[in-house]
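See structure below.
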Amino acid sequence: MLVLVFGMMVSLASGKDHGQVDLSAYQWKNRLLILFAPSEDDRVYQSFKEQLQKRAQEIRDRNLLIFHVFESGEGRLDDLSLNKEQARSLRKRFSIKMDNSN
């Protein structure tokens, strides 16, 4: 299962503690695309990622930042790492319940 959350918010700003990502820091600067997937090896995630790579220039033109958040482990915002707590915080904020059993 791949879940997409797209918003006109958004830079990687930490909240008051290192376990949160302050999405409001991106507001009026970037568009955000948040990808939630069971793992980086998930075939649906990989297919979607390939499509995004084909549109790299369009993504840059639109100031789009892409969060990659996985069920377990760390995530990333483009090339910046998200720690496990930040990834967990994003899953909780958007009520993402994942299950690797598929």
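The values are calculated or read from the model by the stated rules, or taken from the named source; none is laboratory data. It should be emphasised that the depicted structure is a prediction, and the values quoted were computed from it without experimental measurement. We place every Cβ from the backbone using ideal geometry, glycine too, and count neighbours over all the protein chains shown.
Take region 24-44 and flag every residue that is aromatic (Phe, Trp, Tyr) and closer than 19 Å to Ile96 by Cα. Give the derivation first.
Start the filter on region 24-44 by keeping residues that are aromatic (Phe, Trp, Tyr), which leaves 26, 28, 36.
If the condition is that a residue be aromatic (Phe, Trp, Tyr) and closer than 19 Å to Ile96 by Cα, then Phe36 is the only one that fits.
Go through region 23-51 and report how many residues are in a loop (DSSP other than H, G, I, E, B) and surrounded by 17 or more Cβ atoms within 10 Å (Cβ to Cβ).
Residues in region 23-51 being in a loop (DSSP other than H, G, I, E, B) and surrounded by 17 or more Cβ atoms within 10 Å (Cβ to Cβ): 3 in total.
Checking each residue in region 52-74 for being closer than 13 Å to Leu33 by Cβ and outside any helix (DSSP H, G or I) picks out Arg55, Arg62, Asn63, Leu64, Leu65, Ile66, Phe67, His68, Val69. Selection of region 23-48 for residues being among the β-branched types (Val, Ile, Thr) and in contact with a strand residue (DSSP E or B) (Cβ under 6 Å, 6 or more places away or on another chain) yields only Ile34.
Looking only at residues that are over 17 Å from Gly73 (Cβ atoms) and under 12 Å from the mean Cα position of the chain (by Cα) in region 13-47, which one is modelled with the lowest pLDDT? Before you say what the answer is, go through the steps one by one.
First, the residues of region 13-47 that are over 17 Å from Gly73 (Cβ atoms): 13-17, 20, 22-33, 43-44, 47.
From what's left, under 12 Å from the mean Cα position of the chain (by Cα): 23, 31-33.
Numbers: Leu23: 87, Arg31: 92, Leu32: 92, Leu33: 93.
Here the answer is Leu23.
Only a single item in (1) assigned to a helix (DSSP H, G or I); (2) modelled with pLDDT under 90 is not met by Met98, and it is number (1). Residue count for region 54-102 satisfying the condition of being among the acidic types (Asp, Glu), over 20 Å from Asp41 (Cβ atoms) and surrounded by fewer than 11 Cβ atoms within 10 Å (Cβ to Cβ): 2. Within region 73-89, residues that are over 13 Å from Asp22 (Cα atoms) reach partners that are of a type in the set (Lys, Arg) and assigned to a helix (DSSP H, G or I) with beta carbons closer than 6 Å, at six or more positions or on different chains, in the pairs Glu74/Lys84.
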